[in-house]
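The values are calculated or read from the model by the stated rules, or taken from the named source; none is laboratory data. Only a predicted model underlies this, so the values are computations on that prediction, with no experimental measurement involved. Cβ: placed from backbone, ideal geometry, glycine included. Neighbour counts: every protein chain shown. Ligands, DNA and RNA are excluded from the accessible area calculation, which covers all protein heavy atoms including side chains. Shrake-Rupley method; radii C 1.70, N 1.55, O 1.52, S 1.80 Å.
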Amino acid sequence: AQRETKTYSTLFARTVVGELKATSARLHKHPLKAAGFKVLTAPDVPSVLVELGYMSTKDDLKLLTSDAWQDKTANALAQAIDTFFAPRLARGSVRKGN
């Protein structure tokens, strides 16, 4: 389960990066990285950590507090979620009730 979940997390992360790129978001040179974060510890739940900026950086803070940027970024993340789960829901491979 953990290996499959890691694969799903990687696929979802790529989907998120693609959607953010489509909105012309400024991304790190190498936006996909992996580490042993313990944000979500369930072995069967894909997880992705999205870092959107640093409040200590003037340009990032300006974006992070912009309503337009927040809307654009939230929409890109929502689209990534829809894009990732749509084929899985169509196949019926997502478990219901848990």
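Across the range 11-33, what is the number of residues that are over 12 Å from residue 73 (Cβ atoms) and open to solvent by less than 60 Å² (accessible area, probe 1.4 Å)?
Matching residues across the range 11-33 total 6.
Select from the range 1-25 the residues that are out of contact with any helix residue (DSSP H, G or I) (no Cβ under 8 Å at 6 or more places or on another chain) and outside any helix (DSSP H, G or I) and write down the one among them that is modelled with the lowest pLDDT.
Of the residues in the range 1-25, the ones out of contact with any helix residue (DSSP H, G or I) (no Cβ under 8 Å at 6 or more places or on another chain) are 1-10, 13-14, 17, 21, 24.
Filter again for outside any helix (DSSP H, G or I), leaving 1, 24.
Working: 1: 71, 24: 75.
Ranking the qualifying residues of the range 1-25, first place goes to 1.
Part of a loop (DSSP other than H, G, I, E, B) and either out of contact with any Ser or Thr (no Cβ under 8 Å at 6 or more places or on another chain) or modelled with pLDDT of 85 or more (or both), is that true of residue 93? Spell out the reasoning first.
On the way: part of a loop (DSSP other than H, G, I, E, B): yes; either out of contact with any Ser or Thr (no Cβ under 8 Å at 6 or more places or on another chain) or modelled with pLDDT of 85 or more (or both): yes.
It is true that residue 93 is part of a loop (DSSP other than H, G, I, E, B) and either out of contact with any Ser or Thr (no Cβ under 8 Å at 6 or more places or on another chain) or modelled with pLDDT of 85 or more (or both).
Just for the range 30-80: of the residues that are touching a residue at least 40 places away in the same chain (Cβ under 8 Å) and assigned to a helix (DSSP H, G or I), which one is farthest from residue 5 (Cα to Cα)?
Residue satisfying both the conditions and the ranking: 72.
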